[in-house]
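FYI, it's all coordinate maths here, none of it is from the lab. Just so it is clear, the model here is predicted, and its values are computed rather than measured. Neighbour counts run over all protein chains shown; Cβ positions are idealised from the backbone, glycine included.
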Amino acid sequence: MADYLKLLLIRHAESVGNIDGRLEGQMSTSLSRNGQWQTAQLANYLYQHQPPPTCLYSSPLQRATETAQPLALRIGCPLRLDMGLQELHQGIFQGLTWAEASHRYPQICAALITTLDYQPVPEAETPMAAHQRAVIWGQMLWQRHGPGDSVWMVTHGGFMQSLIRVILGCDRTWQIPIRHTAMFEFWLLHPDCTDGSQNNPEYWKILKFNETPHLQLKA
C-alpha cells in the first residue's frame, strides 16, 4: 500500500460572532455554548475513529484555538498556531453585521449584491491574495511533512475554500457551504503533476468531504 501524506481540514465550531451574524474575518470571538458542544463531539469522534496526527495546526483566532485545544488534549498532540491559517480579512466590514455594513456603506453593499463581477471592499484581503496565501501554505506543508505523516488543521470556512482549491489543483475557487466542525480528508502522494500522475486517481484520494458525522446526535 502506498504511503500517503494524510491531511484533515476542520472548520472551527460555532462562535458568538456567528450567532450574531457578524463578518468576523480576522477578529477573534469565543465559541458559543453550541460551539463548545460541537467541539466536544468532534474531539470524541476523532479520538475513536482516527489515528493520532503527526502534527495539529490551528489558526490563532480564538474561535479556532478553542476548537483545536480540546482536540490536542484528547489525542495528546501538541498544537501549533499558524498565522497563515487565519480567515480572510474583511476590511471595513470586519466585525459588522450585513445590516450594519449596508447602513454604513450602502453603495458598496449594493454593488456586491447586484453583480457577480468582483467588487473590492476597502482594506479587505482580495480573493487572489487569499489564494496565494493558500498556495504558500500548501508549499509549506510539503516542506515540513511527507508521505506517512498525518496532519490536521483547524481553520475557517472562507480560507478553507482557497485551501481546497489548491489541494485539488483547481483553476477556480468553489463556494462550499461548510458546516461548523465539518471535516475534509485528503490522502496525497506528492504535490507535483509533471509525470502523468495527475491521471492516476490512486495518487490523490478524498476520504471525507464536508462531513459532520459527530453532529448527528443533535439536529
Compactness of segment 1-112, expressed as Rg and Dmax over alpha-carbon positions, Å: 16.9, 58
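Based on other C-beta atoms within 10 Å, arrange 153, 140 from fewest to most. Write out the running numbers ahead of the final one.
Numbers: 153 24, 140 12.
Least crowded to most crowded, the residues run 140, 153.
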Pairwise centroid distance, computed over Cα atoms, of segment 50-123 with segment 3-49, Å: 11 Å
In order through segment 66-72: 3J(HN,Hα) via Karplus (6.51 cos²θ - 1.76 cosθ + 1.60), integer Hz, x for Gly, Pro: 6, 7, 7, 4, x, 5, 4
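With 10 angstrom as the radius, rank 123, 66 by how many other C-beta atoms surround their C-beta, starting from the fewest. Walk me through the numbers on the way to the answer.
Details: 123 11, 66 21.
Ascending number of Cβ neighbours within 10 Å: 123, 66.
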DSSP-loop chymotrypsin sites (Phe, Trp or Tyr not before Pro) across segment 108-146, with at most 14 other Cβ within 10 angstrom: 118
At 1.567 mPa s and 4 °C, Stokes D of the chain from Kirkwood alpha-carbon radius, µm² per second: 71 µm²/s
Residue-wise HN-Hα coupling along segment 40-45, computed from phi with Karplus coefficients 6.51, -1.76, 1.60 (Hz; x: Gly, Pro): 4, 5, 4, 4, 5, 4
Estimated inter-spin distance, residue 30 and residue 113, nm [label 7 Å along Cα→Cβ]: 3.3 nm
Residues 108, 164, sorted so that the one with the fewest Cβ neighbours within 10 Å comes first: 108, 164
